[in-house]
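**Student:** One structure, as structure tokens, below. Some questions next.
The values are calculated or read from the model by the stated rules, or taken from the named source; none is laboratory data. Because the structure is a prediction, the values reported are computed rather than measured. Virtual Cβ from ideal backbone geometry, glycine too; neighbours counted across all protein chains shown. With ligands, DNA and RNA removed, areas are computed over all heavy atoms of the protein, side chains included. Shrake-Rupley method; radii C 1.70, N 1.55, O 1.52, S 1.80 Å.
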Amino acid sequence: MVVGMPEAPGPLELDRSITLHQLRVFRAVADHQSFSAAAQALNISQPSVSYQVKELESAVGVPLLDRLGKRVQLTEAGGVLYGYVRRMLNTLDEAAIALEDMRGIRRGTLKVGASTTVGIYLIPAALGAFKREHPDLAISLEIGSRGAVQEKVLRNELDLAVVGPPLKDLDLVSVPFMKDELVVVAPAGHALASRSGLSLRDLKDESFLMREPGSGTRWAVEKAAKRAGVTLSVGMELGSNGAIKHAVESGLGVAVLSRYAIGLESASGDLVVLDVAGFPVRREWNIVHLRRRRLPGAVREFVTFLRAQRWLPRSRQAAG
């Protein structure tokens with residue numbers, strides 16, 4: 001018997017003393033390796049998370065987590081229980097999905113994640129059109145880095161994510177969605193705006209305004225520069241396409257952005273697209289979801305809806 005813990009109860013006693021809520025909280029703490037991160041993901045207080053885990057440990061009679069400062073890790077017993085809890089909760093979630101399918105998708109939830117560019121400039125339009133067809137569906141959108149939203153898909157916190165290059169993870173399915181083009185942009189009146197046949201080497205002295213490391217756009221730009229054998233001068237890192245556009249317009253440098261992100265500025269003449277060899281860089285956005293999970297009807301229908309692209313303006317349908 002473990003000192004300080006009550007004697008482990010039998011199976012019938014466990015039935016009465018363990019709740020599904022405790023198990024979901026325990027899984028969240030194990031997934032995030034943090035009480036505070038689990039509390040944030042579950043939208044409950046950190047003291048409540050600590051209390052539920054303590055009650056679960058008391059019920060099973062053995063410590064399940066080792067507290068290592070702000071981080072936690074599973075004990076040997078915790079690792080054993082985690083495997084069973086994960087399978088059991090996944091089975092319950094599948095049962096809920098099966099029942100939801102029987103009711104149709106009139107009611108239900110759809111939790112979508114997206115990387116920054118596609119999440120700001122395309123997915124809201126798709127969700128708006130889908131919501132008009134299914135007004136009683138509860139829909140949420142979370143925009144973040146491509147790595148962050150895919151990690152949330154892996155933890156089953158998001159139903160799907162739309163990103164550029166997907167993570168290489170056997171637990172994820174990646175479905176091609178639509179194509180994007182990355183172009184080099186400069187402010188109106190830039191010295192290179194009227195020149196054609198430029199190369200990245202012609203831009204080696206320009207100050208490039210970049211997204212943060214890890215973004216899909218930055219990854220594509222660095223890959224193009226490496227292919228051209230050029231080291232670009234990063235003048236500034238900015239966390240959003242909007243900030244980059246304003247900085248370029250202000251004459252702080254040039255940038256590589258999605259055509260979808262510069263539609264208004266290009267039409268107004270505030271930004272010009274430079275004619276640079278190797279550009280536009282064509283990339284594909286992908287729909288990513290869990291391989292092992294049976295997708296709810298609302299999620300399956302939204303994937304089909306996204307790929308059909310009927311929600312796009314006609315001009316963009318042809319371009320995509």
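**Student:** Kindly state which helices (runs of 4 or more DSSP H) lie completely within region 52-164 and contain at least 1 residues that are free of Cβ contacts under 8 Å to residues at least 40 places away in the same chain, touching a strand residue (DSSP E or B) at 6+ places or on another chain (Cβ under 6 Å) and over 23 Å from F35 (Cα atoms).
**Tutor:** 123-133
**Student:** Okay, next question. Would you check which residues across region 217-235 are more than 15 Å from A186 (Cβ to Cβ) and open to solvent by 30 Å² or more (accessible area, probe 1.4 Å) and list them?
**Tutor:** W219, E222, K223, K226, R227, A228, G229, T231, V234
**Student:** While we're looking at this one, here's another question. What about A220, is it among the hydrophobic types (A, V, I, L, M, F, W, C) and within 19 Å of the chain's Cα centre (by Cα)?
**Tutor:** Answer is yes for this residue.
**Student:** May I pose another question? Which residues, counting only those in region 178-191, are out of contact with any Leu (no Cβ under 6 Å at 6 or more places or on another chain) and either open to solvent by 10 Å² or more (accessible area, probe 1.4 Å) or among the hydrophobic types (A, V, I, L, M, F, W, C) (or both)?
**Tutor:** M178, K179, E181, L182, V183, P187, A188, G189, H190, A191
**Student:** Looking only at region 47-62, how many residues end up being more than 32 Å from the chain's Cα centre (by Cα) and either under 16 Å from L74 (Cβ atoms) or open to solvent by less than 50 Å² (accessible area, probe 1.4 Å) (or both)?
**Tutor:** 5
**Student:** Would you check if G197 is open to solvent by 60 Å² or more (accessible area, probe 1.4 Å), touching a residue at least 60 places away in the same chain (Cβ under 8 Å) and under 27 Å from I244 (Cβ atoms)?
**Tutor:** Spelling it out, G197 is indeed open to solvent by 60 Å² or more (accessible area, probe 1.4 Å), touching a residue at least 60 places away in the same chain (Cβ under 8 Å) and under 27 Å from I244 (Cβ atoms).
**Student:** Within region 292-310, does at least one residue satisfy the condition of being surrounded by fewer than 16 Cβ atoms within 10 Å (Cβ to Cβ) and over 21 Å from the mean Cα position of the chain (by Cα)?
**Tutor:** Yes; the residues of region 292-310 include at least one that is surrounded by fewer than 16 Cβ atoms within 10 Å (Cβ to Cβ) and over 21 Å from the mean Cα position of the chain (by Cα).
**Student:** Here is a follow-up. Starting from residues that are surrounded by 14 or more Cβ atoms within 10 Å (Cβ to Cβ) and at negative phi, keep the ones in region 95-108 and report whichever is modelled with the lowest pLDDT.
**Tutor:** I105
**Student:** Now a separate question. Name the residue that is farthest from E284 (Cα to Cα), counting only residues in region 151-177 that are surrounded by 20 or more Cβ atoms within 10 Å (Cβ to Cβ) and hydrophobic (A, V, I, L, M, F, W, C).
**Tutor:** Ranking the candidates gives L158 first.
**Student:** Give D205, D270 a once-over and let me know the one that is at pLDDT 90 or above and open to solvent by 20 Å² or more (accessible area, probe 1.4 Å).
**Tutor:** Residue meeting the stated conditions: D270.
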